[in-house]
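These notes concern the structure reproduced below.
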Number of protein chains: 2
Amino acid sequence: MGIIVQKFGGTSVGSVERIQNVANRVVQEVQNGHQVVVVVSAMGKSTDHLIKLASELSLKPSKREMDMLLTTGEQTTIALLSIALQEIGQPAISMTGWQAGIQTESVHSKARITHIDPTKLHVELGQGNVVIVAGFQGMDINHEITTLGRGGSDTTAVALAAALKADRCDIYTDVDGVYTSDPRYIKGARKLAGISYDEMLELANLGAGVLHPRAVEFAKNYSITLTVRSSIEQTEGTLIEEVSNLEQNLVVRGVAFEEDIARVTILGLENEVTGLANIFSTLASNHVNVDIIIQSRSEVALTNLSFSIKGGELEEALQVLSDNQDKLGFKRIEYELGLAKVSIVGSGMVSNPGVAAQMFEALSTNDIAIKMVSTSEIKVSTVVDQRDMLKAAQIVHESFSLEELQPVAALAAKA
Amino acid sequence: MGIIVQKFGGTSVGSVERIQNVANRVVQEVQNGHQVVVVVSAMGKSTDHLIKLASELSLKPSKREMDMLLTTGEQTTIALLSIALQEIGQPAISMTGWQAGIQTESVHSKARITHIDPTKLHVELGQGNVVIVAGFQGMDINHEITTLGRGGSDTTAVALAAALKADRCDIYTDVDGVYTSDPRYIKGARKLAGISYDEMLELANLGAGVLHPRAVEFAKNYSITLTVRSSIEQTEGTLIEEVSNLEQNLVVRGVAFEEDIARVTILGLENEVTGLANIFSTLASNHVNVDIIIQSRSEVALTNLSFSIKGGELEEALQVLSDNQDKLGFKRIEYELGLAKVSIVGSGMVSNPGVAAQMFEALSTNDIAIKMVSTSEIKVSTVVDQRDMLKAAQIVHESFSLEELQPVAALAAKA
């Protein structure tokens, strides 16, 4: 009988018919006895249309004015969804981000939410209204309209759920849940009934794309129970919570992959202690995001250093490094393009030392060369040739029998 | 060196190219040394598109949600114009109605402005910015987004000019000024250099359509010097002020006409005193707008009463009257459709008693029957057959030699 926050993305509200479909979904939850807050994105391609108009006027439009421009997209959707709900007899009221009390940093295009005042939301919910809030937007202390950046509507929904102490936050999307791997490419990929915040965070960061990492982080920090489910089909989605009660014995939860990775190797680093720190602070201050880092060292030779980055950032990384070669103190740079990352994620692996070895063995048995490796408590990432990416993901998916429900005991017996 | 408010309507900002054109216009005034506030409407057909989306969801969408929906149109334009100005090196900042301090009544779809707080506008102007304000919109005391109804952007511009004590308010539109009559239909119609508020008000009410009557009324109340000018051509427009200094001796300023008028005649009104009041209060409470009223009375017979209304309201008027026949106390109703109104407007006619007579004579000489007449201090309206409308307007236009600059002295000599 508590509050539920529902979030519908751009595809789910992409037409008048789909908005009507969403309205029916919302009414179902009201009929289940819940107070409902709905967060929506801009309709389908409308954001692209606005960006195109701006780009015809300027190659580099100001971020403030882009925020002013793009926030009209969500405002359009909230009004239309409210009209659709009222038409089927459901009292509803739409609110922009600032009306809903969403306050953000004074930053444009990627502001973070600093505070939510839910007073007005509670008043409207108490009067029997469904409240429809524009996702992706807020207002800073100077009454400037701001946006939350990519995945912003997910973050709006989770933040509102936290502020309202909602029972649940349901993210409706065009897929019906979180999968063990991308079902478009990996045979046997299946929907997970449950997953932990940390696992979801790794999968989100690894490009699974269902939920934005910031939203997952927010949900973890405020212990919001999230579900990811289909806005089209009436199926159970995936539950995301602190410790997944479902399939908790599964040692590996999913296989993620990401293409277009580059490897940069810095040879002959003179000062191992300061050089390492200087290189990564120089790259960071030039907005190059480094992922995996490997350092090799021998007693007799100078230190060599490799790291991986997104392919699109290679040019800038090379420029920054060569501009600072003297200061950083190294001999030369090598690089390799056309790589990809294949990762396994699962909170069960922390207590199963054989997991990484099993992944490497599966790959090497199938003649796939591993170029870099990185491990954390719940993740093993490998960098491979891009042409091997899907094959590698499929092999790993099968190696851990992710197409079946597979408890730790069985896996251990098999290993 | 003072502040100028410029207003550009939907056609003037209907495409990326036109927005660039507007940006150039704005920069011209900045280069003339002015601080400039620009008020814009939604782009061309964008409002129609939003209304269509809403109508697909509901035949009667709530006014509150329509305000939420439609205000996105102006918000889109302000952002795009700001981007266009910044692109050509002109510092600019966009503001929604509420950001610009425009407070309105708590009414949706046709709120009136109650207060403007220009603090933020002055701050931004003082920092060298052109400030672009979304027309047609404001916020009520409950932080609800409201709209000002038809002609709302004109009203926004005039109200801002008043609040900012601007030197001038320039209304840019797709015509290049106020004409003696509609140049599309009347041969010899020419642009007026100047016109008084009251004359403009009569012309606006009579369907000239260039400026909304509410905006003119506001300008009159706050003594705002208005100009109406072309957003496309670089020509002088028409100056609207308290007493027009230009051509002030012109006795008739313009000829307006409006088609689709109906006449309703109520025969045998029993109680002349209460009946008259009751009829018009009954019609008003049913939102039927009555225009010209004529009452005829003889000592021996019951009173008869005629009035004119828009053709589209005839059916409702007849229904309301026959529903209340017993209460109102009359014998029967007659009506006539297919009529039109032709009016002359000019503040000079108050001191020229022969003006109405000259109009009637010109019409009767040309065999045009006058069915109703109404006069005010600055206006004479006649109702004629709709098929005679343009001919009548042309004859009257020529009769007062409006194709030439015509001072009172010359007119008097001719009469």
Considering the range A:321-337 alone, what residues qualify as being touching a residue at least 24 places away in the same chain (Cβ under 8 Å) and either closer than 19 Å to A:Asp260 by Cβ or exposed (fewer than 12 other Cβ atoms within 10 Å of the Cβ) (or both)? A:Lys327, A:Arg332, A:Glu334, A:Tyr335, A:Glu336, A:Leu337
Return yes when A:Ser351 is over 26 Å from A:Leu267 (Cα atoms), hydroxyl-bearing (Ser, Thr, Tyr) and under 27 Å from the mean Cα position of the chain (by Cα) and no when it is not. yes
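Can you find even one residue in the range B:139-148 that is in the same structural domain as B:Ser15 (by TED's automatic domain parsing) and in contact with a Pro (Cβ under 8 Å, 6 or more places away or on another chain)?
No, that holds for no residue.
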Limited to the range A:191-202, what total is found for residues that are among the aliphatic types (A, V, I, L, M) and surrounded by fewer than 22 Cβ atoms within 10 Å (Cβ to Cβ)? 1
Within the range A:172-190, can one find any residue that is in contact with a Pro (Cβ under 9 Å, 6 or more places away or on another chain), over 24 Å from A:Gln31 (Cβ atoms) and either of a type in the set (S, T, N, Q) or modelled with pLDDT of 95 or more (or both)? no
Checked the range B:356-383 for anything part of a strand (DSSP E or B) and touching a helix residue (DSSP H, G or I) at 6+ places or on another chain (Cβ under 8 Å); matches are B:Val373, B:Thr375, B:Ser376, B:Lys379, B:Val380, B:Ser381, B:Thr382
Taking the residues in the range B:102-154 that are acidic (Asp, Glu) and within 22 Å of the chain's Cα centre (by Cα) as candidates, determine which candidate is nearest to B:Val39 (Cα to Cα). B:Asp154
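Being part of a loop (DSSP other than H, G, I, E, B) and in contact (Cβ under 8 Å) with a residue 40 or more places away in the chain: is that true of B:Ile195 here?
No, not satisfied.
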By my count, strands (runs of 3 or more DSSP E) wholly in the range B:8-116 with at least 2 residues that are facing chain A (nearest Cβ under 9 Å) and surrounded by 20 or more Cβ atoms within 10 Å (Cβ to Cβ) are B:92-95
Matching residues, the range A:326-348, being within 22 Å of A:Ile195 (Cα to Cα) and modelled with pLDDT of 90 or more: A:Lys341, A:Val342, A:Ser343, A:Ile344, A:Val345
Give the residues of the range B:251-289 that are out of contact with any Gly (no Cβ under 7 Å at 6 or more places or on another chain) and acidic (Asp, Glu), sorted by residue number. B:Glu259, B:Glu272
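The values are calculated or read from the model by the stated rules, or taken from the named source; none is laboratory data. Note that this is a predicted model, so its numbers are computed, not measured. Using ideal geometry, Cβ is built from the backbone for each residue, glycine included, and neighbour counts are taken over all protein chains shown.
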